[in-house]
Amino acid sequence: MKQLEKARKYEELYKELFDRNSKVTTICLLLCGAFWVLKLYVLSEQCLILFFFSGGLYGVRRIHREYVQLGEYYLPDQLRTSSTCNKVLYKGNVIPVSRANVIDVWILVCCLGAATLLLWIECIFSKDIEGTPALIMFYGIVPVICLEYISGFRTVHRRLKRLTWKNFRYHIGWCNIGEKLPKQYKLGNCEITKENRIFFRTYYTVKTTKTNNIYKKVMYCRKEEINIGSTYVLYEICGVRYIQ
């Protein structure tokens, strides 16, 4: 219940921030067009830079919400508190973020500072670098969004072990508030009976020691070298079976 209440409060904050973000981006885009018509090109490009910056923040918030809001399930060992992220992303509210979030926010802030500085240097010294500051801000968003998705995907993959059609939506953050997320189930002790290789991955066929049930396409998820004669513990999560 406490977890659902926490998720609800997060969702209310995200909704408030998304609404404000939509207003900011709309205003920036309208001002950009207005200044362009008035031939105030520097101010027009400055509004375009702010538009890209606001859009980048929106993307980071959106992806972060999809992966973390449901009880910090996806990033249990990576979440941290960052005053910079909380100020820039969450209006001072303390929300745990991942290392990727911290890097992304600093990329966006540095790109905003560099683009703005370059734009006004161009204006003051009459240098012909038209469009470059805005492009710096625009291309700064690309690694930010990529890093967010890669970080979330890798963390979920470590939890769910293998990408399948059953867990695909969890890998890309398609989950609802209050939804019961996949849990790990212990199926019992087992012994390996067969080893086979499919493409570039090795799978095993195992038999449980108590019930003698046979399970195929089982993954091995330990760092140590596997020993065929040993007994292992068989687990299942979201349709993926693995031994440890």
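Going from most exposed to least, what order do HIS171, HIS157 have by accessible area with a 1.4 Å probe?
So the residues, ranked largest to smallest area, are HIS157, HIS171.
To the nearest 10 degrees, how steeply does helix 2-37 sit against the main Cα axis of the chain, on a 0 to 90 scale?
30
For the chain, count the residues as N, evaluate 2.2 N^0.38 Å, and divide the Cα radius of gyration by that value, please.
Values: Rg = 24.3 Å, N = 244, 2.2 N^0.38 = 17.8 Å.
Normalised by 2.2 N^0.38 Å, the Cα Rg of the chain equals 1.37.
Full extension from CYS123 to VAL142: what is 0.36 nm times the residue separation minus their Cα-Cα distance, to one decimal in nm?
Details: separation 19, 0.36 × 19 = 6.84 nm, distance 2.66 nm.
In short, 4.2 nm is gained.
Nearest 20 debye, what's the magnitude of the dipole of the chain about its Cα centre given +1 on Lys and Arg Cβ and -1 on Asp and Glu Cβ?
Working: 36 positive and 20 negative charges, 290 e Å.
Once rounded to the nearest 20, the dipole reads 1400 debye.
Which entries in LYS15/LYS161; LYS91/LYS183; LYS23/LYS91 show an alpha-carbon gap greater than 27 Å? Don't skip to the end; give the middle numbers.
Details: LYS15/LYS161 32 Å; LYS91/LYS183 33 Å; LYS23/LYS91 15 Å.
Those over the limit are LYS15/LYS161; LYS91/LYS183.
With a 1.4 Å probe and all protein chains kept in place, how do LYS183, LYS166 rank by accessible area, largest first? List each step's numbers first, then the result.
Details: LYS183 135, LYS166 105 Å².
Correct descending sequence by accessible area is LYS183, LYS166.
Need one value: the accessible area of LYS217 in square angstrom, 1.4 angstrom probe, rounded to the nearest 10.
In the full protein context, LYS217 sits at about 90 Å².
Test of understanding: what is the full-extension gain from THR211 to ARG169, defined as 0.36 nm times their sequence separation minus their Cα-Cα distance? Show your work: numbers first, answer last.
Values: separation 42, 0.36 × 42 = 15.12 nm, distance 3.28 nm.
Between THR211 and ARG169, full extension yields an extra 11.8 nm.
Take the alpha carbon gyration tensor of the range 141-244, find the square roots of its eigenvalues, order them as a ≥ b ≥ c, and report rounded if a/c is under 1.5; if not, report prolate when a/b exceeds b/c, else oblate. Write out the running numbers ahead of the final one.
Details: a/c = 2.80, a/b = 1.83, b/c = 1.53.
Judged from the Cα gyration tensor, the range 141-244 comes out prolate (a/c at least 1.5, a/b above b/c).
With all protein chains present, how much of the accessible area of the range 111-237 (probe radius 1.4 Å) comes from carbon and sulfur, to the nearest whole percent?
Numbers: 4810 of 8400 Å².
The nonpolar share, carbon plus sulfur, comes to 57 percent.
Per residue of the range 220-236, in order, report the coupling 6.51 cos²θ - 1.76 cosθ + 1.60 (Karplus, θ = phi - 60°) as ³J(HN,Hα) in whole Hz, putting x for Gly and Pro.
Taking θ as phi minus 60°, the curve returns 9, 10, 10, 7, 5, 5, 6, 10, 4, x, 8, 9, 10, 9, 9, 10, 9 Hz for the range 220-236.
Given the protein chains as shown and a 1.4 Å probe, how many square angstrom of GLU224 are accessible, to the nearest 10?
Its accessible surface works out to 110 Å², give or take rounding.
Given a 1.4 Å probe and heavy atoms of the protein chains only, how would you sort SER22, SER44, SER151, largest accessible area at the top? The partial results should precede the final answer.
Details: SER22 60, SER44 5, SER151 25 Å².
Largest to smallest exposure gives the sequence SER22, SER151, SER44.
Looking at the chain, which longest stretch skips every one of the chymotrypsin sites (Phe, Trp or Tyr not before Pro) that is in a DSSP loop with at most 10 other Cβ atoms within 10 Å, leaving the sites themselves out?
Values: sites that count: TRP165, TRP174, PHE199, PHE200.
Result for the longest clean stretch: 1-164.
So how exposed is ILE103, as accessible area in Å² (1.4 Å probe, rounded to 10)?
80
Enter the angle in degrees (range 0 to 90, nearest 10) between the Cα long axis of helix 41-68 and the first principal axis of the Cα atoms of the chain, meaning the one along which they spread out most.
20
The values are calculated or read from the model by the stated rules, or taken from the named source; none is laboratory data. These figures come from a predicted structure and were not determined experimentally. Ideal geometry is used to build each Cβ from the backbone, glycine not excepted, and the neighbour counts take in all protein chains shown. The accessibility values were calculated without ligands, DNA or RNA, using every heavy atom of the protein model including side chains. Shrake-Rupley method; radii C 1.70, N 1.55, O 1.52, S 1.80 Å.
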